[in-house]
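A.B. asks: So that we are looking at the same thing, I have put the structure below in structure tokens.
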Amino acid sequence: MHKIDEKLANVTARLTQAALQAHRSDADIALIAVSKTQPAECLRQAYQAGQRRFGENYLQEALDKQQALADLPDIEWHFIGPIQSNKTRAIAEHFAWVHSVDRLKIAKRLSEQRPVTMPALNICLQVNIDGEDSKSGVTPEQLPALAREVNALPNIHLRGLMAIPAPQSDAHKQRESFIRMHQLLVALNETSSEAPTGKGPLDSLSMGMSADLEAAVSAGTTMVRIGTDIFGPRATPPTTPPHK
Ligand SMILES: *Cc1c(COP(=O)(O)O)cnc(C)c1O
């Protein structure tokens with residue numbers, strides 16, 4: 001098995017190559033290392049290899065790792081998992097970005113609970129782009145209304161959209177869902193320019209994982225979320241989810 005620094009270098013090289021093919025600058029695409037289920041020591045190895053952005057799905061696990069890595073002050077933490085309303089305060093206090101907002105109620109709580117001493121919390125709205133029953137996210141039809149309401153909240157900064165498309169092995173099929181996401185972002189920016197919010201246009205698309213990074217880059221992603229190809233396979237989750 002390769003070491004984390006080698007895997008990270010491979011992913012970075014893939015990103016650079018994909019950007020080149022898409023006539024984009026790789027500087028416009030942030031790499032989020034998705035570290036769910038990985039021990040803090042593995043994040044530390046990635047950090048030592050230069051990685052600064054980490055994505056976590058489970059709050060308690062993330063808080064434990066943040067404490068274990070408190071000596072690394074410039075990590076940027078991204079929350080990318082489903083959000084229960086009783087978890088919003090800790091998320092608002094301990095993360096720079098939240099990618100998985102799909103309800104106004106959650107966005108309101110995050111805005112209310114974001115400490116005023118911290119910069120606005122960066123938010124992406126999760127879209128269920130392939131209409132799957134198993135996935136979270138708003139429908140493309142619900143998106144404009146939710147975006148308008150979230151954009152009006154004071155302590156959060158609506159940055160863009162996030163999606164986890166249905167798995168496809170074919171790169172062209174992968175790209176179709178990502179292209180629809182890109183079109184949704186463009187459409188939101190066109191309508192919101194009629195009513196300026198002072199927060200600027202939405203500039204972020206959080207999409208692309210280990211298996212479909214290249215397709216996401218070709219369709220305009222600005223944040224890829226890579227787990228397996230940086231840290232290796234995850235341990236199988238426990239059969240009973242932890243009750244926290
Ligand atoms: C686990 C996870 C990823 C990373 O997936 P890999 O296939 O391991 O790269 C990305 N985004 C979300 C929301 C995840 O839960």
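A.B. asks: What is the one condition in (1) buried (at least 18 other Cβ atoms within 10 Å of the Cβ); (2) touching a residue at least 40 places away in the same chain (Cβ under 8 Å); (3) of a type in the set (Lys, Arg) that Lys87 does not satisfy?
C.D. replies: In the conditions (1) buried (at least 18 other Cβ atoms within 10 Å of the Cβ); (2) touching a residue at least 40 places away in the same chain (Cβ under 8 Å); (3) of a type in the set (Lys, Arg), Lys87 misses (2) alone.
A.B. asks: To continue, here is another question. Which ones in the range 162-175 are surrounded by fewer than 16 Cβ atoms within 10 Å (Cβ to Cβ) and within 20 Å of the chain's Cα centre (by Cα)?
C.D. replies: The answer is Ala166, Pro167.
A.B. asks: Something else now. Determine whether Gln38 is more than 16 Å from the ligand (Cβ to nearest atom), modelled with pLDDT of 95 or more, open to solvent by less than 50 Å² (accessible area, probe 1.4 Å) and not aliphatic (A, V, I, L, M).
C.D. replies: no
A.B. asks: Right, another one. Quick one: Leu121 ticks every box in (1) among the hydrophobic types (A, V, I, L, M, F, W, C); (2) surrounded by fewer than 24 Cβ atoms within 10 Å (Cβ to Cβ); (3) more than 16 Å from the ligand (Cβ to nearest atom) bar one, so which box is it?
C.D. replies: Result: Leu121 fails condition (2) only.
A.B. asks: Sort out which residues of the range 54-64 are in contact with a His (Cβ under 8 Å, 6 or more places away or on another chain) and in contact (Cβ under 8 Å) with a residue 60 or more places away in the chain, and write them in order of number.
C.D. replies: Gly55
A.B. asks: Right, something else. What do you reckon, is Ser204 under 20 Å from the mean Cα position of the chain (by Cα), polar (S, T, N, Q) and surrounded by 15 or more Cβ atoms within 10 Å (Cβ to Cβ)?
C.D. replies: Yes.
A.B. asks: Further question on the same structure: Using beta carbons and a limit of 9 Å, which pairs, at least six apart or on different chains, have the first residue in the range 19-32 and open to solvent by 70 Å² or more (accessible area, probe 1.4 Å) and the second one β-branched (Val, Ile, Thr)?
C.D. replies: Once the first residue is open to solvent by 70 Å² or more (accessible area, probe 1.4 Å) and sits in the range 19-32, its partners that are β-branched (Val, Ile, Thr) give Gln21/Val217; Asp28/Thr222.
A.B. asks: Can you confirm whether Leu15 is buried (at least 19 other Cβ atoms within 10 Å of the Cβ) and more than 24 Å from Leu72 (Cα to Cα)?
C.D. replies: Spelling it out, Leu15 is indeed buried (at least 19 other Cβ atoms within 10 Å of the Cβ) and more than 24 Å from Leu72 (Cα to Cα).
A.B. asks: Additional query: Does Met209 satisfy the condition of being open to solvent by 70 Å² or more (accessible area, probe 1.4 Å), within 16 Å of the ligand (Cβ to nearest atom) and modelled with pLDDT of 95 or more?
C.D. replies: The answer is yes for Met209.
A.B. asks: Of all residues in the range 212-240, count the ones that are farther than 16 Å from Gln183 by Cβ, more than 9 Å from the ligand (Cβ to nearest atom), in contact with a strand residue (DSSP E or B) (Cβ under 9 Å, 6 or more places away or on another chain) and not in a strand (DSSP E or B).
C.D. replies: Looking only at that region, the number is 1.
A.B. asks: While we're on this one: So, in the range 32-50, how many residues would count as being in contact with a Leu (Cβ under 8 Å, 6 or more places away or on another chain) and closer than 13 Å to Ile226 by Cβ?
C.D. replies: Selection size over the range 32-50: 3.
The values are calculated or read from the model by the stated rules, or taken from the named source; none is laboratory data. Just so we're clear, the structure is a prediction, and the values are computed from it rather than from any experiment. All Cβ positions, glycine included, derive from the backbone under ideal geometry; neighbour counts span all protein chains shown. Areas reflect the complete protein model, heavy atoms only, side chains present, ligands, DNA and RNA absent. Shrake-Rupley method; radii C 1.70, N 1.55, O 1.52, S 1.80 Å.
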